[in-house]
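Student: Quick one: this structure, given as structure tokens, is what I'll be asking you about.
The values are calculated or read from the model by the stated rules, or taken from the named source; none is laboratory data. Predicted model, so just to flag it, every value in this text is computed and none were measured. Neighbour counts are summed over all protein chains in view; Cβ atoms, including those assigned to glycine, are modelled from backbone coordinates with ideal geometry. For accessibility, only protein heavy atoms count, side chains too; no ligands or nucleic acids. Shrake-Rupley method; radii C 1.70, N 1.55, O 1.52, S 1.80 Å.
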Amino acid sequence: MSRRRTTPSPPRVGRGKVLWLASPLAALFLTASPARADLRMCNQTASKVGISLGYRDTQGWVTEGWWDVAPKGCETLLRGALAARFYYVYAVDYTRGGEWNGRSLMCTRDTEFTIRGVEDCLARGYDRNGFYEVDTGEQKSWTIQLTDPSQPGAP
């Protein structure tokens, strides 16, 4: 897909191997972006991260991934005016291990993907991960700031 960079498989992060787990409130600053109408992710950490995104469109639930976001870099996840209020994110720290996750279970896979539906992930041959919810407040443009909870000044 032209809007997404091709990425290598994210590292497998098993239970007990997560070096740190950031809660959405401690790990993110969510702000409306006054510029272009896009959904963007800015990585404020010192690590390269992999991002997968879930959202509801006119045909139902869809998850997509992986976007590579360099340390201190930003990537556009969706171009144009946002069509939904809620988006869901699952992120993996490629450098140190760990993840940003939440309670909303959605389908993923190790390589680049677009998956329709969030039901029966394992039975359909996909992985299942918890995504955290991002409330854009019905803005047409939004930037998610992904932060490391160990950074000075992080909430």
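Conditions (1) closer than 26 Å to Glu119 by Cα; (2) crowded, with 22+ Cβ neighbours inside 10 Å, marked per residue:
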{"residue": "Asp38", "(1), (2)": "no, no"}
{"residue": "Thr45", "(1), (2)": "no, yes"}
{"residue": "Lys48", "(1), (2)": "no, no"}
{"residue": "Gly54", "(1), (2)": "yes, yes"}
{"residue": "Trp61", "(1), (2)": "yes, no"}
{"residue": "Trp66", "(1), (2)": "yes, yes"}
{"residue": "Lys72", "(1), (2)": "no, no"}
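Student: If I go through the stretch 110-149 residue by residue, how many of them are touching a helix residue (DSSP H, G or I) at 6+ places or on another chain (Cβ under 9 Å) and among the hydrophobic types (A, V, I, L, M, F, W, C)?
Tutor: Qualifying residue count for the region: 2.
Student: Need the failing condition index for Asn129 against (1) at pLDDT 95 or above; (2) of a type outside the set (Ser, Thr, Tyr); (3) part of a loop (DSSP other than H, G, I, E, B); (4) touching a Phe, Trp or Tyr at 6+ places or on another chain (Cβ under 6 Å), just the number.
Tutor: With respect to (1) at pLDDT 95 or above; (2) of a type outside the set (Ser, Thr, Tyr); (3) part of a loop (DSSP other than H, G, I, E, B); (4) touching a Phe, Trp or Tyr at 6+ places or on another chain (Cβ under 6 Å), Asn129 is out only on (3).
Student: Cβ-Cβ distance below 7 Å, separation of 6 or more or different chains: which pairs start in the stretch 89-102 with a residue that is within 13 Å of Lys48 (Cβ to Cβ) and of a type outside the set (Gly, Ala, Ser) and end on one that is open to solvent by less than 40 Å² (accessible area, probe 1.4 Å) and part of a strand (DSSP E or B)?
Tutor: Here the result reads Val92/Val49; Val92/Gly50; Val92/Glu99; Asp93/Val49; Asp93/Glu99; Tyr94/Val49; Tyr94/Gly50, each pair linking the stretch 89-102 to a residue that is open to solvent by less than 40 Å² (accessible area, probe 1.4 Å) and part of a strand (DSSP E or B).
Student: For the stretch 108-151, name all the residues that are among the aliphatic types (A, V, I, L, M) and open to solvent by less than 30 Å² (accessible area, probe 1.4 Å).
Tutor: The first filter runs over the stretch 108-151 and keeps only residues among the aliphatic types (A, V, I, L, M), leaving 115, 118, 122-123, 134, 144, 146.
Across the stretch 108-151, the qualifying residues are Ile115, Val134, Ile144, Leu146.
Student: Continuing with the same structure: Checking Gly102 against (1) in contact with a helix residue (DSSP H, G or I) (Cβ under 7 Å, 6 or more places away or on another chain); (2) farther than 21 Å from Asp148 by Cβ, which test does it fail?
Tutor: (2)
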